[in-house]
Amino acid sequence: MTTERRELVERIWARDPTVWTAKDEARWLGWLDEPARRREDIDLLLTLADSVQGEVDDVVLLGMGGSSLAPEVIRRVFHGDRLHVLDTTHPRAIRALADGLDLERTLFISASKSGTTLETRSHSDYFWRKVPRGQQWVAVTDPGSSLEELARGREFRAIFPGEPTIGGRYSALSPFGLVPAALLGVDLQRLLDRTLEMVEACQLDEGNPGLELGLALGEGWRDARDKVCFEDIDGFGLWAEQLLAESTGKGGKGLVPAPGEPADGPDRQEHEVRLTAPYELGQEFFRWMFATAVAGSILGINPFDQPDVQSAKDRTSEVLAGGDVTLDPVSSPDDLFAQAREGDYVCLQAFVNPTPAAEAALAALADRARATTGCVVTRGFGPRYLHSTGQLHKGGPNTGLFLQIVEDYGEEVKIPDRPFGFARLIRAQAAGDFESLRERGRRVARVHMENLT
């Protein structure tokens, strides 16, 4: 066993794609070296942070999925109240953010690896119309993207290139996570020094924290314990959900992340999140990334692609092209929950304004679903989850019960130079994902928020 462990670790660090499916995995392993690379570029990040001192009261990050979830966890762990992460298309949330800030003293970060993310580009165009001054804008995007071209044309204050060999959900320790961290005053030297201790530990065949976690995740899956339960410390579950679900949920297989869920059940495994101090966050990011790569080798999948994410985007585009839609109720929560079988999970997909009141309502509904079905219950706000757990929902095992929750989106908020506004966009995203799930034979229902009892 020791020899097998050593060989697995060595092959991962050697970028051997046969660890997984022998396809293109080798080109997506830049995250293994990113902490060391970033430590060499700390001065560039600190220069930006120093340059806005006295000019900026708030920072707004416009991003989705891998571009937003790590910054959100960093914001919570380091209590960075001046950072606002916008990853919803709900018009009331967008209007409230715009009205609640002094936009003259706000720095905007437009973050998208591809540079084409619809939500991010729409958010950026909306706020650019309000703040058309490049000195109040920063871009984080891969080299050569259309967002980079836009940022140069608008003379953004700074453009930070992403590393093309890193997928979005593995980008927490790249500029996508470190630019907002620097603007929050996080000691990047300390964060990365601690992270590099974990990087070194993950090269060992014994006492390797990432290897141990990955083997446990994979062996649990082999034993039909595919629900991964862990404490959701400071929102860490938001990031870990995407990492596990999007990396492993494909080909009818997958680990189902269940942050905050009880681990007592034959289909569940429990793991520890090691975040006893803020500066352990980089270590924990890396430990879970390495573990996911290890688990992927056991599942026999490519942990670096997301083949089913595009389907919901395509359906959204089709809905938008066909005009506005009405989101009518379909079935009911009770009828959906009655279909639960052993080993299933419930997923609440809330296309509602992500307020504390909505969080509380979803928590109450989760309690109801848990008590009714006995299943693990997961939940997420749309469209955020489309860039996170959506891959698992469509490409993973057909064990999910999906309840989509919608509401009245109020007055339209226009998107500059688009034939639709944010209200129409979020309706199209909800409709597109619903149809994408139904096309795959998933069990799905829709309810209006005001009708939940």
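Quick grid of which residues meet (1) open to solvent by 20 Å² or more (accessible area, probe 1.4 Å); (2) over 22 Å from the mean Cα position of the chain (by Cα):
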position	(1), (2)
Pro164	yes, no
Gly177	no, no
Gln189	yes, yes
Glu197	yes, yes
Glu206	yes, yes
If we ask which residues in the range 416-432 are more than 17 Å from Tyr385 (Cα to Cα), touching an Asp or Glu at 6+ places or on another chain (Cβ under 7 Å) and open to solvent by 10 Å² or more (accessible area, probe 1.4 Å), their number turns out to be 3
Go through the range 233-257 residue by residue and tally those that are farther than 17 Å from Val346 by Cβ and among the acidic types (Asp, Glu). 2
So for the range 351-364 (the condition being of a type in the set (Val, Ile, Thr), touching an Asp or Glu at 6+ places or on another chain (Cβ under 9 Å), buried (at least 21 other Cβ atoms within 10 Å of the Cβ) and part of a loop (DSSP other than H, G, I, E, B)), does at least one residue qualify? yes
Can you tell me how many residues within the range 208-217 are open to solvent by less than 60 Å² (accessible area, probe 1.4 Å) and more than 16 Å from Ala240 (Cβ to Cβ)? 3
For the range 102-118, what are the residues that are outside any loop (DSSP other than H, G, I, E, B) and open to solvent by less than 10 Å² (accessible area, probe 1.4 Å)? Thr106, Leu107, Phe108, Ile109, Ser110, Ala111
If we keep just the residues of the range 53-78 that are touching an Asp or Glu at 6+ places or on another chain (Cβ under 7 Å) and outside any helix (DSSP H, G or I), which is surrounded by the fewest Cβ atoms within 10 Å (Cβ to Cβ)? Asp57
What do you reckon, is Leu401 among the aliphatic types (A, V, I, L, M) and within 16 Å of Thr316 (Cβ to Cβ)? no
Only one of Val59, Val9 is closer than 30 Å to Glu231 by Cβ and touching a Cys at 6+ places or on another chain (Cβ under 8 Å); which? Val9
Within the range 230-243, the residues that are among the acidic types (Asp, Glu) and either closer than 14 Å to Val77 by Cβ or surrounded by fewer than 24 Cβ atoms within 10 Å (Cβ to Cβ) (or both) are Glu231, Asp232, Asp234
Tally, over the range 139-158, of residues that are at negative phi and either open to solvent by 50 Å² or more (accessible area, probe 1.4 Å) or in contact with a Phe, Trp or Tyr (Cβ under 6 Å, 6 or more places away or on another chain) (or both): 9
In the range 1-43, which residues are aliphatic (A, V, I, L, M) and surrounded by fewer than 16 Cβ atoms within 10 Å (Cβ to Cβ)? Met1, Ala14, Ala22, Ala36
Considering only helices (runs of 4 or more DSSP H) wholly within the range 244-345, the ones with at least 1 residues that are surrounded by fewer than 22 Cβ atoms within 10 Å (Cβ to Cβ) and within 18 Å of the chain's Cα centre (by Cα) are 309-321
If we keep just the residues of the range 433-453 that are out of contact with any Phe, Trp or Tyr (no Cβ under 8 Å at 6 or more places or on another chain), open to solvent by less than 30 Å² (accessible area, probe 1.4 Å) and assigned to a helix (DSSP H, G or I), which is farthest from Ala93 (Cα to Cα)? Ser436
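The values are calculated or read from the model by the stated rules, or taken from the named source; none is laboratory data. It should be emphasised that the depicted structure is a prediction, and the values quoted were computed from it without experimental measurement. Every residue, glycine as well, gets a Cβ built from its backbone with ideal geometry; the counts of neighbours run over all protein chains shown. Areas reflect the complete protein model, heavy atoms only, side chains present, ligands, DNA and RNA absent. Shrake-Rupley method; radii C 1.70, N 1.55, O 1.52, S 1.80 Å.
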